[in-house]
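Enquirer: What follows is a structure written as structure tokens; I'll ask about it next.
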Amino acid sequence: MSGRLTRAVVSMALALAVQGMTVSPGHAQTPPEKDAGWQSDVSGLRHFTGLRCPDAIGPFFRIKVLEGDAASLAGCIYTGRDGITAVLRKHLQDTGRREALKFSRNYKAAGFEPISLSGVAASGISFRTRNWTPTSLCETLWYFSGDKADYTLWLSYVLPTQEAEVGPALSAFTEALAHQD
């Protein structure tokens, strides 16, 4: 008797689970990317906010899509040679400078050392975030103002070994940004 009862309970639980998994006809036709906030684009993807994130920018490849929040409308994470990481974000127009100042305040509050660099890195806000190894991990943020939105680019790289790659990376991302507005 207990075997029949157990099978009946399992059958009923399975039937309820299957009923709960059914999808309404209108929902079944929603492409998965719509829920993620982006659409496929010819060379990558386009966020619903309008930010285009190609699969590759220079030697960098997109590895993750970022959701928007109150300050940032959309973004993508890219990785380059030897672990250089880049985060490209779109912001509301006229908020890029505020985001850069927030970045600076937060890094200082976390105890990271602000540093002055030369070359193209000098135009960004840079911090040494690791100095207990022979090489230093550096993080730099640049902000850009566009016709319809502002953008930030954050790079994480190792000094001095990856210093020569910062200029070409910045050039590749600013060229991609030039095609945004």
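Enquirer: Report Rg(Cα)/(2.2 N^0.38 Å) for segment 31-178, keeping two decimals. Numbers along the way, then the final one.
Expert: Details: Rg = 15.3 Å, N = 148, 2.2 N^0.38 = 14.7 Å.
Rounded to two decimals, the normalised Rg is 1.04.
Enquirer: Check each of the GluC sites (Glu not before Pro) in segment 65-152 and keep only those in coil by DSSP with at most 13 other C-beta atoms within 10 angstrom; list them in order. Write out the running numbers ahead of the final one.
Expert: Working: sites: Glu67, Glu99, Glu139; in loops: Glu67.
Hits after loop and neighbour filter: Glu67.
Enquirer: If you plug each phi of segment 93-107 into the Karplus form 6.51 cos²θ - 1.76 cosθ + 1.60 with θ = phi - 60°, what whole-Hz ³J(HN,Hα) values come out, in order, with x for Gly and Pro?
Expert: My calculation for segment 93-107 gives 4, 6, 10, x, 5, 4, 5, 5, 5, 5, 4, 4, 4, 5, 5 Hz in order.
Enquirer: I've got another one for you. For segment 58-75 and segment 150-181, what is the separation of their Cα centres, given in Å?
Expert: Segment 58-75 and segment 150-181 have Cα centres spaced 14 Å from each other.
Enquirer: Starting from the amide H of Asp55, placed 1.01 Å from N in the peptide plane, find each other amide H under 5 Å away whose residue is 5 or more places distant or on another chain.
Expert: Hits under the 5 Å cutoff: Gly44, Leu45.
Enquirer: Subtract the Cα-Cα distance of Ser104 and Leu117 from 0.36 nm times their separation in residues, and report this length gain in nm to one decimal. Before the final figure, lay out the partial values.
Expert: On the way: separation 13, 0.36 × 13 = 4.68 nm, distance 1.51 nm.
Difference between extended and current length: 3.2 nm.
Enquirer: Give the order of Arg52, Arg128 when sorted by the count of other beta carbons within 10 angstrom, beginning with the fewest. Mind dumping the intermediate values first?
Expert: Details: Arg52 19, Arg128 16.
Starting with the residue having the fewest Cβ neighbours, the order is Arg128, Arg52.
Enquirer: Here is a follow-up. Which whole-number percent gives the relative contact order of segment 31-178, counting Cα pairs below 8 Å spaced six or more residues apart? Numbers along the way, then the final one.
Expert: On the way: 263 pairs, mean separation 26.9, N = 148.
The value is 18 percent.
Enquirer: Kindly write out, for segment 160-175 in residue order, the coupling ³J(HN,Hα) from the Karplus curve 6.51 cos²θ - 1.76 cosθ + 1.60 (θ = phi - 60°), rounded to whole Hz, with x marking Gly and Pro.
Expert: Once θ is set to phi - 60°, the couplings for segment 160-175 become x, 5, 10, 4, 5, 8, 5, x, x, 5, 4, 4, 4, 6, 5, 5 Hz.
Each reported figure results from applying straightforward, stated rules to the coordinates on display, with no laboratory input. Computed from a predicted model, the values in this text were never measured in an experiment. All Cβ positions, glycine included, derive from the backbone under ideal geometry; neighbour counts span all protein chains shown.
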